[in-house]
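Enquirer: Can you read through this structure? Questions will come right after.
No value in this document is a laboratory result; all are computed from the given coordinates. Not measured: the values here are computed from a predicted model. Backbone-built Cβ (ideal geometry, glycine too); neighbour counts: all protein chains shown.
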Amino acid sequence: MNISEPTIRINVDAANPGQFFACCGLLELASRMWSGAEGWFEGNRFNLGGNLSSKNEDLATVVGSICCAVMDQVDPLDDFSSPIRMGSPFDLTLDWWMDSRSGGNRLKVWAGSMRSVRIARAMRVALQNMPLRTESFFDDGMVVFDPDEPDKKVEPYYFDGRRGNNAQSRDIGFAPDALHMTTAAYPAVEFLCLVGLQRFRPMPTDLPRVFEYNTWNFACEPLTASVMACGLSSQGGVRRYRFENAFRTDQRKHKAFLPATYIGGFQ
């Protein structure tokens, strides 16, 4: 087991799949900034540490780099599902929702008129307006606006389980989409989850749209962590969760990650 002293600690609800994959996304981006970055879960916290060479490995530095990186729409003719290219220092292409071979497309939550690149850009810009408090980084919600049209609001992807748990009309008594309502989103969760799912995938189950993921309690780099996350290891200290990527509209197109249930682990 690797021993590492964390330099970044973020409060996390591991039973919220959006927050879990947001932690994975944060690890992915940190590892592209700082060679040797490692991440692990400890109680209700996610830790980042490892053999980092710089003296400014903090949350503000990561978020600042995210906000400054060039973000290109790879296919200029496809506003709805185009891959997204993040420039230096990340040099990362996000296209997991187009991956039918390994099942990434089964995790796609948006559909119809939802413009995925627009949502990603809006959530990223919103990070600039967030107080970077590690104890509430994933809990700071706000109404998000389109950076190109500041008077227009942007709804999130629905990765965050807190939204998914109240996404269906029967949950609140009416259909928010039909009324064009906009509510608070959690930009850090929505953006970083989009990043995390590029490498980190949950394991599909025999049930339709139901997946499992694992947390781990020892420091490891993204490649090893991705193996732990999808349940391909019986390493001790793993906790397993199950969640559904459920339909949230009557048209059965738009989906949302529902809160996960803890189902056991390896001690």
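Enquirer: What whole-number distance in Å separates the alpha-carbon centres of region 1-40 and region 83-111?
Expert: Computed from Cα coordinates, the inter-centre distance equals 19 Å.
Enquirer: Right, something else. So if I place +1 on the C-beta of Lys and Arg and -1 on the C-beta of Asp and Glu, and nothing else carries charge, what would the dipole magnitude of the chain be about its Cα centre? I want it in debye, nearest 20.
Expert: The calculated dipole for the chain is roughly 560 debye.
Enquirer: Cα-based count: Lys pairs in the chain below 26 Å, eight or more positions apart or different chains?
Expert: Total qualifying Lys-Lys pairs in the chain comes to 8.
Enquirer: Rank Gly196, Gly43, Gly231 by mean-square fluctuation in a GNM of the chain with C-alpha springs under 10 angstrom and give only the top-ranked residue.
Expert: Taking springs between Cα atoms under 10 Å, the residue moving most is Gly43.
Enquirer: Taking the mean number of other Cβ atoms within 10 Å as a proxy for protection, how do you rank 82-89, 128-135 from highest to lowest?
Expert: 82-89, 128-135
Enquirer: Related question: What relative contact order, as a whole-number percentage, does the chain give when Cα pairs under 8 Å and 6 or more residues apart are counted?
Expert: Result for the chain is 24 percent.
Enquirer: Would you mind giving the three semi-axes, in whole Å and largest first, of the ellipsoid equivalent to region 13-123 according to its Cα gyration tensor?
Expert: 26, 18, 12
Enquirer: Where in the chain are the DSSP H helices whose C-alpha atoms run 15 Å or more along the long axis and whose mean Kyte hydropathy is at least -0.5?
Expert: Membrane-span-like by this criterion, though nothing is claimed about a membrane: 17-33, 116-127.
Enquirer: Working from the alpha-carbon coordinates of the chain, get Rg over Rh, Rh being the Kirkwood radius.
Expert: 0.94
Enquirer: Looking at Gly50, Pro17, Gln198, which one has the Cα that reaches farthest to the positive end of the dipole of the chain (charges on Cβ: Lys, Arg +1; Asp, Glu -1)?
Expert: Pro17
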